[in-house]
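The structure appears right after this line, and notes come after that.
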Amino acid sequence: MAEEAAVRAQAETVRRLKQDKADPDEIAKEVAKLLEMKAQLGGDEGKHKFVLKTPKGTRDYSPKQMAIRERVFNAIITCFKRHGAEVIDTPVFELKETLTGKYGEDSKLIYDLKDQGGELLSLRYDLTVPFARYLAMNKITNIKRYHIAKVYRRDNPAMTRGRYREFYQCDFDIAGQFDPMIPDAECLKIVHEILSDLQLGDFLIKVNDRRILDGMFAVCGVPDSKFRTICSSVDKLDKMPWEEVRSEMVGEKGLSPEAADHIGEYVQLHGGLDLIERLLQDPKLSQNKLAKEGLGDMKLLFEYLTLFGITGKISFDLSLARGLDYYTGVIFEAVLLQQENDHVEDPVSVGSVAGGGRYDGLVGMFDPKGRKVPCVGVSIGIERIFSILEQRVEASEEKIRTTETQVLVASAQKKLLEERLKLISELWDAGIKAEVLYKKNPKLLNQLQYCEDTGIPLVAIVGEQELKDGVIKLRVVATREEVNVRRESLVEEIRMRTTQP
């Protein structure tokens, strides 16, 4: 038919335009034309093939993946609670104006929503800006909180590297007026505890200070108006060699080659207290008020980190910039290291798994009277950590339990469904995690096999003789050992045998 031929020709036009990466507006126009032609053709109801996939940059999580995920969340929450944090939650979307102008060059990645009831809304980009809004709105001047929730980035993500459009952040923040560097040191200790606890391998926590960076830019001859954009170039040094970063500064961002070379002398330095001492004596930096303040606080920070016993994993690194606009003082980033082979001196970084810093001005941006609430916080990169652990479990073929069931209530003979249901109800009421197979007369072998498959450690077997004797046969799945337990002692026996050491 002529109409069908026309539709096929139009579909080919659309395909070719997409292949040639034509102007998106032109593609959209031709797609609309194609849909209109298809609608006119009609008779296609029911033939449309529905594509079953998750949206780009998102994923589903299977029970096995969720079991690994929950293990990670529990370790992180345990650490946050150990440090005395309270928990809050905020809406998944905010007023657009709340998020605007807080993220520097990354603002283009904010997901804007359509006008809803007269409000322009955006999906939250992180948990820090909503936290600052929450503090200002509720006039809170002092809180230590954690918040674990999903955030959204309109990115083109490399999902293989643990980057997504929808992902969880695990944030810990301390807000309030305190003596310098004590809360900052605790945030670094928390990162150290979590990464050590999760046993992800060797890691390094890089530390710098926005004031040191700004002071360095000033003495190197960077104009004030270019501080933030040059800062975002420096932030790429973990992914690009200095030569490429330098050419971006000079070629794309219009910085003088002399200023870029001066910056190069500093940003390739990293070390510990010795480097801080050296820079405090630096003839240029020591004359800059901001840099001197930052270096003084950095020295204090390293003294506290020494007391916490974690300086072995901390590096003062002048190339660390962290692109977000709201940082005002100490900034830090934790990276996992991978030793390529025994002959390599410096281990290579396999990506950032935590980051954070001090942001003393953010709450004041929301407060009508501009009242400032100093804040410092850390965000744990759960997705990347999860990707690493998932790959490790796959490689080791470790069996992951996806339930926490302690006991399966089984029967040895037929016609004992009522007895099984009575017993499982007693166990549930006593807080025991128990299951029963949904068959009237399951075979004992099938019930035992179910425990093998799912990792349930115990089977409580109801039998005619046991019912007469007032006992339940308790079977240990791993060793096949069986003991008769008085019904009234069963709950205690199950608890004793399934309590984690």
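The values are calculated or read from the model by the stated rules, or taken from the named source; none is laboratory data. What you are looking at is a predicted structure, and each value in this text was computed from that prediction instead of being measured. As a convention, Cβ positions derive from the backbone with ideal geometry for all residues, glycine included, and neighbour counts pool all protein chains shown. Accessible surface areas use protein heavy atoms only, side chains included; no ligands, DNA or RNA. Shrake-Rupley method; radii C 1.70, N 1.55, O 1.52, S 1.80 Å.
Angle between the Cα long axis of helix 24-41 and the longest principal axis of the chain, 0 to 90 degrees, nearest 10?
Tilt relative to the chain: about 40 degrees.
Roughly how far apart, in whole Å, are the Cα centres of segment 427-458 and segment 87-122?
After rounding, the separation between the Cα centres reads 48 Å.
Based on the Cβ-Cβ distance from ARG71 to ASP202, what FRET efficiency comes out when R0 is 30 Å, to the nearest 0.05?
Efficiency, from the Cβ-Cβ distance: 0.90.
Which whole-number value in Å² is the accessible area per residue of segment 191-258, probe 1.4 Å?
With the other protein chains kept in place, segment 191-258 gives 41 Å² per residue.
Angle check, please: helix 210-219 long axis (alpha carbons) against the longest principal axis of the chain (alpha carbons), in degrees 0 to 90, nearest 10.
Once rounded, the angle reads 20 degrees.
Expressed in nm², what is the orientationally averaged projection area of the convex hull enclosing the Cα positions of segment 48-101?
With every direction weighted equally, the projected area is 7.7 nm².
Give the cross-link partners of LYS372 among the aspartates and glutamates, using a straight C-alpha distance below 18 Å as the criterion and excluding same-chain residues fewer than 8 apart.
Within reach: ASP173, ASP179, ASP184, ASP325, ASP360.
Equivalent ellipsoid semi-axes for segment 407-497, as square roots of 5 times the alpha carbon gyration tensor eigenvalues: give them largest first, rounded to whole Å.
16, 16, 13
Given q = 0.09 Å⁻¹, what are the Debye log10 I(q)/I(0) values for the chain, with equal point scatterers placed on the Cα positions and solvent ignored?
For the requested q values the scattering log ratios are -0.84.
For segment 1-41, what does the equivalent ellipsoid look like in terms of its semi-axes, each the square root of 5 times an eigenvalue of the Cα gyration tensor, given largest first in whole Å?
20, 11, 5
Taking the 0 to 90 degree range and rounding to the nearest ten, how far is the long axis of helix 63-82 tilted relative to the main principal axis of the chain, both from C-alpha atoms?
Around 60 degrees separate the two axes.
Apply the Debye scattering formula to segment 149-236, with a single equal point scatterer on each alpha-carbon and no solvent, then give log10 I(q)/I(0) at q = 0.12, 0.13, 0.14, 0.16 Å⁻¹.
With no solvent term, the Cα-only Debye profile gives -0.65, -0.76, -0.88, -1.09.
Roughly to the nearest percent, how much of the accessible area of the chain is carbon and sulfur, given a 1.4 Å probe?
52
When the chain is fully extended, how far beyond the present Cα-Cα distance does ASP106 get from MET496, taking 0.36 nm per residue of separation?
135.1 nm
What order, most packed first, do the peptides 369-380, 109-120, 385-396 have when packing is the mean number of other Cβ atoms within 10 Å of each residue?
Ranking the peptides 369-380, 109-120, 385-396 by packing returns 369-380, 385-396, 109-120.
What is the extension gain from ARG15 to GLU277, computed as 0.36 nm multiplied by their sequence separation minus the C-alpha to C-alpha distance, in nm to one decimal?
Contour length minus the Cα-Cα distance gives 88.1 nm.
Across 10 Å bins from 0, what is the distribution of all Cα-Cα pair distances for segment 47-145, in whole percents?
11, 27, 33, 23, 4, 1, 0
Restricting to bridges with both residues inside the chain, how much of the DSSP beta-bridge set is antiparallel, in percent to the nearest 5?
Antiparallel: roughly 80 percent of the beta bridges in the chain.
Highest mean first, how do 230-241, 249-260, 288-299 rank when packing is the count of other Cβ atoms within 10 Å averaged over residues?
Going by the mean number of other Cβ atoms within 10 Å, highest first, we get 288-299, 230-241, 249-260.
Please identify which residues in segment 287-307 have an amide N closer than 16 Å to a label point set 7 Å out from the Cα of LEU269, following the Cα→Cβ vector.
287-300
Multiply the residue separation of GLN391 and ASP261 by 0.36 nm, subtract the distance between their alpha-carbon atoms, and state the gained length in nm to one decimal.
Result for the pair: 42.7 nm of gain on full extension.
Using per-residue counts of other Cβ atoms within 10 Å, averaged over each peptide, order 49-58, 265-274 from highest down.
265-274, 49-58
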